[in-house]
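Structure first, then comments.
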Amino acid sequence: MKLHAIDSDLYPHQQRVNDLVLAGKNVLLTAPTGSGKTDAALNPFLLSLSQLKPDDPSPKCIYSVPMRVLANQFVEKYKPKVTQYGELIGLKLETNIQTGEQQDDRRFDSNLIFATIDQTLSSYLLTPYSLSRREGNINAGALVGAYLVFDEFHLYDPNSTLPTTLHMLKQLNGITPFVLMTATFSTSLVEELAHELNCEIVPKTEAERQAILGIKSQQKTRRYHVANCALSAKSVLDTHSERSIVICNQVKRAQNLYKRLDELKAASTEVILLHSQFLPDDRRRIENQLRGMFAKDSGTDVIVVATQAIEVGVDISSTVMHTELAPANSIVQRAGRCARYKGDVGDVYIYSKVESDDSSMIDLTQNIMPYKDMGDVIGKTLTAFQARSGDTFTYLDEQAVLDEAHTTSDSAMLQRLQSIQTDHKRKIHALQSGNPNQGSGTVDPRHLIREIASQPVTISNNPDSLLEAPFDAPAFGLHPGTMQKYLKEWFDRGNELKLEWIVKMLVEKEDEQQAQANQERFLWQSVADATSAWGAQLLVINPMLASYDPNFGFIAHRETEKVWEAKLPGREARTAHHPVHYRLETYATHIRHVHDAFQTLWLDAATNAQRLEQHFGWQLGTLRRACELAVLLHDVGKLSKGWQKWVQEYQEKIGRPANPGQAYAHTDYDSTDEDHRTAQQQMGKRPYHAVEGALATAFVVDQILKMDDKKGNLRRAVFSAIARHHAPFSQENMTARLAGNAPKFISETFAGTMLTVDTSALNGLSEDLTPMDKYDRDDWIAVPDNLSAFLPYLLIARVLRRADQEGTRMGS
């Protein structure tokens, strides 16, 4: 009997994916839109959840898509199933979304996470877009050993996203199972990528490809036409029937066409606008509205005007689609929203010209943005569809057009990927090592993830009101090129209005002192000109210049009296940057809390750990022991004389003296208390403790792990996790000496665990905390060139830092 976890029997291609994944194979699935690729990829994961027992480690799946906009129906469809499996065995299994717009799982804690590829890759590069710089090494460990799915792989930027993804998958090959999915890759590209990544291709044979034509979603009629006229409100209305979709390549053109259609439409026709520059709540509202109006036999009379935002994830089907000329893979992807289901009949109209807002014609074979450097592909796309204009297409016909339009460019792209491989690897390793200035020029992580696909901008007359949680402020993502154009216009208009300020950008100030105290600080800096705003984390615009409408989206040039300003959500709804609260806590209590948290969190990491152990030939349980060791020793640096003296003097200043015979891990501190902030400023820098603790306890780690770790790589992983448990690239240490009673406190924390340690050698450590040459600080930091140290470090650092955060919360 074939097992499946989705709500219908598996199609042959879905069953083959399921069997390959469960057999430990990587898969490259190429199948048409509507053929159940998501079900195919998630069935083996859901099946593993359905077979869990209460004490089993819970698996993790990170499902990545290329666009910022991630359909909520993914969560709506799969969350109940995941929750149900958890309830059956008494576990809380979670499903969430993590994108720039909807950051529901910043630390990749859920079992099933739908994320944009930007979030996935930035996490692996230790520069997660969702977290502050000091938390840079928390998320990468979630990827090491998880089940990874990459949807719409063909949309990855070939200069940044694609080569970085390929490098990551090569590093994780044999450890992390993965599935790549596309509806629109050329045949040659599929074969070459499968060879590069050691993947099984599905479908592989002509018989398997023909079998896809027999599935329900392919029993439909979809015709393609190359229009002889320009795309305009009139051309849309002339062919409108029941449910029409119009897709423009640029937001401004979509907004202009929407306004014109709204003026000319019949009273019974509803026109809806959808693009990437809506706030998340409004976008979800519009998507939900569309799903109802575009349901089969809904009897509605509706036209939706959209951009590429509708290409991925919006599960609707139209009777007529109008699309601006684009590369063949984008057109086929868009057509997946026309005649999508069994029995549907639909027509796709492709336009090589579009009417602008001043009634002039724009030639899309010349004006190809945002498809930079794809003029040849766009020309071949037009030729291929012109030769078949009016024809009914099957999935195999669409594949033939893709091969015609993309094979040459795909071959050139593959050659380029080979040529840049060494340099790209150097840049990735520079970032993962915390040395972005190595080699020629500074490495910008955005150039390895996506060539700054969007920049966030918000609107406020009082930007300082957003500083408490700036990334929780409602914001819009604008293409950098578009942003530059708007900035120049805003500066001209702002100067004309003699505004006190026009544009400001967010600047994060951080140093090692703040990192080790778990603090961060932001401020606004005025932007002098458009160029200086390039790549800013967040821009704020004076509301005299821009606005927002929930049915129209971001309004780049305010033309009405309507004012819109960003407001922070209530404290309970904020996802990060809460006020900092600590209370005086002994060292022993803090370690106990962190250890308790570790035991709970380990179930989330155990599957990943087992895959690493199997890959590197370590005995089962080795990584758990290493991670527990890091947890028990991570704050030994706080047992230094300098740290404990700082605690005593600080507590005196705030009028809450500490017991001089006790060792402490935290002081009392409330970031909203003026006395606490003043006392901390007067005290100056608190002594560092992270790297110091790693050096002080290196011999303990060596003592416990050396039998399982002949080459020292696991010990490097533990050393690095301790040294970097407050910031991802901490490497400097202060002069320090452990207090005389440190061995006693360390021994007490090992009580009740399965680990035993001789701490006598901790007495009399030298001032620089290097008990012997072999514990040289730099030599014991795990680096990406040594994967057998670096990958376990990522896992251990993640578990340690999450346990430390949770343990600190318990104590505070």
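The values are calculated or read from the model by the stated rules, or taken from the named source; none is laboratory data. Small disclaimer: the values here were computed from a predicted structure and weren't measured. Cβ: placed from backbone, ideal geometry, glycine included. Neighbour counts: every protein chain shown. Each accessible area value is taken on the protein alone, full model and side chains, heavy atoms only, with ligands, DNA and RNA left out. Shrake-Rupley method; radii C 1.70, N 1.55, O 1.52, S 1.80 Å.
Which residue, of Ser132, Ser122, Ser160, is surrounded by 24 or more Cβ atoms within 10 Å (Cβ to Cβ), in contact (Cβ under 8 Å) with a residue 12 or more places away in the chain and hydroxyl-bearing (Ser, Thr, Tyr)?
Only one candidate passes the filter, namely Ser122.
Contact map, region 419-436: first residue under 19 Å from Pro158 (Cβ atoms), second residue open to solvent by less than 40 Å² (accessible area, probe 1.4 Å) and modelled with pLDDT under 90, Cβ cut-off under 6 Å, separation 6 or more or different chains; pairs are Lys427/Val443. Of the residues making up region 683-696, at least one is surrounded by 23 or more Cβ atoms within 10 Å (Cβ to Cβ) and more than 34 Å from the chain's Cα centre (by Cα). Contact map, region 268-289: first residue under 16 Å from Tyr258 (Cα atoms), second residue aromatic (Phe, Trp, Tyr), Cβ cut-off under 6 Å, separation 6 or more or different chains; pairs are Leu273/Tyr258; Gln277/Phe476; Gln277/Phe554. Which one of Ala739, Ala721, Ala679 is of a type outside the set (Val, Ile, Thr), more than 21 Å from Ser433 (Cβ to Cβ) and in contact with a Leu (Cβ under 9 Å, 6 or more places away or on another chain)? So the residue among Ala739, Ala721, Ala679 that is of a type outside the set (Val, Ile, Thr), more than 21 Å from Ser433 (Cβ to Cβ) and in contact with a Leu (Cβ under 9 Å, 6 or more places away or on another chain) is Ala739. Every condition in (1) in contact with a strand residue (DSSP E or B) (Cβ under 7 Å, 6 or more places away or on another chain); (2) surrounded by 14 or more Cβ atoms within 10 Å (Cβ to Cβ); (3) not in a loop (DSSP other than H, G, I, E, B) is met by Ser389 except one, and the failing one is (3).
Filtered by the rule that a residue be of a type in the set (Gly, Ala, Ser) and either modelled with pLDDT of 95 or more or not in a strand (DSSP E or B) (or both), region 471-509 gives Ala473, Ala475, Gly481, Gly494. Listed conditions (1) farther than 30 Å from Leu762 by Cβ; (2) buried (at least 19 other Cβ atoms within 10 Å of the Cβ) are all met by Ala597, apart from (1). Could you list, in sequence order, all residues of region 181-219 that are closer than 14 Å to Gly36 by Cα, of a type in the set (A, V, I, L, M, F, W, C) and at pLDDT 90 or above? The answer is Met181, Val202. Gln84: buried (at least 24 other Cβ atoms within 10 Å of the Cβ) and either at pLDDT below 95 or over 30 Å from Leu538 (Cα atoms) (or both), yes or no? No. Against the list (1) exposed (fewer than 14 other Cβ atoms within 10 Å of the Cβ); (2) not in a helix (DSSP H, G or I), the condition Glu652 fails is (2). The number of residues in region 8-32 being in a loop (DSSP other than H, G, I, E, B) and open to solvent by 10 Å² or more (accessible area, probe 1.4 Å) comes to 7.
Restricting the search to region 89-103, which residues are touching a residue at least 24 places away in the same chain (Cβ under 8 Å) and open to solvent by 50 Å² or more (accessible area, probe 1.4 Å)?
Gly90
Summed over region 578-601, residues that are within 30 Å of Leu466 (Cβ to Cβ) and assigned to a loop (DSSP other than H, G, I, E, B) total 4. Would you confirm, using the coordinates I've provided, whether Asp55 is over 29 Å from Arg801 (Cβ atoms), charged (D, E, K, R), open to solvent by 40 Å² or more (accessible area, probe 1.4 Å) and out of contact with any Cys (no Cβ under 8 Å at 6 or more places or on another chain)? When the stated conditions are applied, Asp55 does not pass them.
Restricting Tyr669, Tyr664 to those that are over 30 Å from Asp785 (Cβ atoms) and touching a His at 6+ places or on another chain (Cβ under 7 Å) reduces the list to Tyr669. Here Asp358 meets each of (1) open to solvent by 10 Å² or more (accessible area, probe 1.4 Å); (2) acidic (Asp, Glu); (3) touching a residue at least 24 places away in the same chain (Cβ under 8 Å) with one exception, condition (3). As a summary of the residue check, Ile201 satisfies the conditions (1) out of contact with any Asp or Glu (no Cβ under 9 Å at 6 or more places or on another chain); (2) aliphatic (A, V, I, L, M); (3) open to solvent by 10 Å² or more (accessible area, probe 1.4 Å); (4) not in a loop (DSSP other than H, G, I, E, B) except for the one numbered (1). Here Phe719 meets the list (1) open to solvent by 50 Å² or more (accessible area, probe 1.4 Å); (2) among the hydrophobic types (A, V, I, L, M, F, W, C); (3) assigned to a helix (DSSP H, G or I) almost entirely, failing just condition (1). One residue stands out in region 294-326 among those that are more than 18 Å from Ala254 (Cβ to Cβ) and modelled with pLDDT of 80 or more: the one that is least open to solvent (accessible area, probe 1.4 Å), namely Ser317.
Can you say whether Gln432 is modelled with pLDDT of 85 or more, of a type outside the set (Gly, Ala, Ser) and either part of a helix (DSSP H, G or I) or open to solvent by 50 Å² or more (accessible area, probe 1.4 Å) (or both), as far as the supplied structure shows?
In short, yes.
Condition (residue is touching a Leu at 6+ places or on another chain (Cβ under 9 Å) and either in a helix (DSSP H, G or I) or modelled with pLDDT of 90 or more (or both)) applied to region 436-446: is it met by at least one residue? Taking every residue of region 436-446 in turn, none turns out to be touching a Leu at 6+ places or on another chain (Cβ under 9 Å) and either in a helix (DSSP H, G or I) or modelled with pLDDT of 90 or more (or both). For region 773-780, does any single residue satisfy the condition of being more than 13 Å from Ala698 (Cβ to Cβ), in a helix (DSSP H, G or I) and at pLDDT 85 or above? Checked against the condition, which is being more than 13 Å from Ala698 (Cβ to Cβ), in a helix (DSSP H, G or I) and at pLDDT 85 or above, region 773-780 yields no hits at all. Being closer than 26 Å to Ser788 by Cβ, among the aromatic types (Phe, Trp, Tyr), in contact (Cβ under 8 Å) with a residue 40 or more places away in the chain and part of a loop (DSSP other than H, G, I, E, B) is true of Trp618. Could you list, in sequence order, the residues of region 216-251 that are within 20 Å of Thr365 (Cα to Cα) and in a helix (DSSP H, G or I)? Within region 216-251, Ser235, Val251 qualify.
The set of residues in region 600-626 that are open to solvent by less than 60 Å² (accessible area, probe 1.4 Å) and under 16 Å from Met754 (Cα atoms) comprises Trp602, Gly621, Thr622, Leu623, Ala626.
The helices (runs of 4 or more DSSP H) found wholly in region 664-707 and carrying at least 1 residues that are free of Cβ contacts under 8 Å to residues at least 60 places away in the same chain and of a type in the set (Ser, Thr, Tyr) occupy 674-683. Here Val251, Val305 are screened, and the one residue that is touching a Phe, Trp or Tyr at 6+ places or on another chain (Cβ under 6 Å) and of a type in the set (Val, Ile, Thr) is Val305.
With respect to the conditions (1) in a loop (DSSP other than H, G, I, E, B); (2) touching a Cys at 6+ places or on another chain (Cβ under 7 Å), Ser130 lacks only one, and its number is (2). For region 357-374, state whether one or more residues are within 34 Å of the chain's Cα centre (by Cα), farther than 15 Å from Ser186 by Cα, acidic (Asp, Glu) and modelled with pLDDT of 90 or more. The answer is no; no qualifying residue exists.
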